[in-house]
Amino acid sequence: MAGRLDGKVALITGATGGIGAATAELFAREGARLVLTDRYEVALENLAARLTEHGAEILTARLDVSSAQNWSDAVTAVRERFGALHVLVTLAGVVDWPGIEATTEDGWDHVIAVNQTGTWLAMRAVMPLLRESTNASIVTTSSVLGLIGSGAAAAYQASKGAVRLLSKTAAVEYATRGVRVNSVHPGVVATPMIQHILDEQGDRQPDIARTPMRRAARPEEIAPAYLFLASDESSYMTGSELVIDGGMTAH
Ligand SMILES: NC(=O)c1ccc[n+]([C@@H]2O[C@H](COP(=O)([O-])OP(=O)(O)OC[C@H]3O[C@@H](n4cnc5c(N)ncnc54)[C@H](O)[C@@H]3O)[C@@H](O)[C@H]2O)c1
């Protein structure tokens, strides 16, 4: 049976994380050739070994998304191995919970470097390869916290709001140049990023309490959004925000 990503090469950042691994697995099942990137070599190798069982062709690259040099090296490796790139999915991310006054400069700088600067560096590095493919898609990761205020996580909220508009301006800039750009906005997702909070607070966790569905998503419930936006099924979508939040922002 034809896969929804047959013939496409997709690079995923934060690939060994909760949503990243679920997305990589789905992409592999749908026929993509994958460039899996994250900070740690061993986790990447373990994920690659698991996905190779689906018959996927995989390149792994240790990559800190906030390093322009790492991006340049990764693009060279993709050119050498596949000679093309059709999809970029940015899922690398870090969170810092304090509000305006408790946020430190180091905390702020780190979150902005990874979430915000990292997304721009990714776009800048891969754009030449994507433009060559003439039918490419970038799927970035913002959050419901890129749409509404929570009263905490000042740096995270600022970075995710920036990702939202960076994606829109890139969508406009490249709309006639063969690259679509859309952002995904998950609500509460049970991944290593927040699992300790969910374990401690359960249903009393404030973001769960204000989610009409009253539960966190599983990463497998978020991954299909990336598949849809990466595939040609979304060929007329660019500059859009896909919200998957159990209804959190509906009220
Ligand atoms: N979990 C949630 O509730 C939730 C909600 C909305 C948005 N998001 C976003 O979804 C994305 C994926 O998060 P997740 O929930 O799967 O968390 P996660 O912690 O499981 O995964 C994040 C991944 O990013 C990687 N990473 C961190 N810093 C990096 C760097 N400098 N360079 C490269 N990789 C780096 C980590 O190694 C990890 O694999 C993030 O952007 C996060 O902000 C998560």
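Computed quantities for the displayed model
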quantity	calculated
Subset of the stretch 8-36 that is free of Cβ contacts under 8 Å to residues at least 40 places away in the same chain and either away from the ligand (no atom under 16 Å from the Cβ) or of a type outside the set (A, V, I, L, M) (or both) - its residue that is nearest to Thr140 (Cα to Cα)	Thr16
Cβ-Cβ under 6 Å pairs, at least 6 apart or on other chains, the stretch 165-179 side surrounded by 13 or more Cβ atoms within 10 Å (Cβ to Cβ), far side modelled with pLDDT of 95 or more and part of a loop (DSSP other than H, G, I, E, B)	Lys168/Gly239; Ala171/Thr238; Ala171/Gly239; Ala175/Thr238
Residue in the stretch 188-203 that is hydrophobic (A, V, I, L, M, F, W, C), more than 10 Å from the ligand (Cβ to nearest atom) and surrounded by fewer than 23 Cβ atoms within 10 Å (Cβ to Cβ) present	no
Some residue of the stretch 153-160 being of a type in the set (A, V, I, L, M), in contact with a helix residue (DSSP H, G or I) (Cβ under 9 Å, 6 or more places away or on another chain) and surrounded by fewer than 21 Cβ atoms within 10 Å (Cβ to Cβ)	yes
The lone exception for Ser234 - which of (1) touching a Phe, Trp or Tyr at 6+ places or on another chain (Cβ under 7 Å); (2) free of Cβ contacts under 8 Å to residues at least 60 places away in the same chain; (3) surrounded by fewer than 20 Cβ atoms within 10 Å (Cβ to Cβ) it fails	(2)
The lone exception for Glu105 - which of (1) farther than 25 Å from Gly3 by Cβ; (2) in contact (Cβ under 8 Å) with a residue 24 or more places away in the chain it fails	(2)
Counted residues, the stretch 223-244 - those being within 15 Å of the ligand (Cβ to nearest atom) and over 18 Å from Ile148 (Cβ atoms)	5
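The values are calculated or read from the model by the stated rules, or taken from the named source; none is laboratory data. Just so it is clear, the model here is predicted, and its values are computed rather than measured. So basically every Cβ, Gly included, is an ideal-geometry build from the backbone, and we count neighbours across all protein chains shown.
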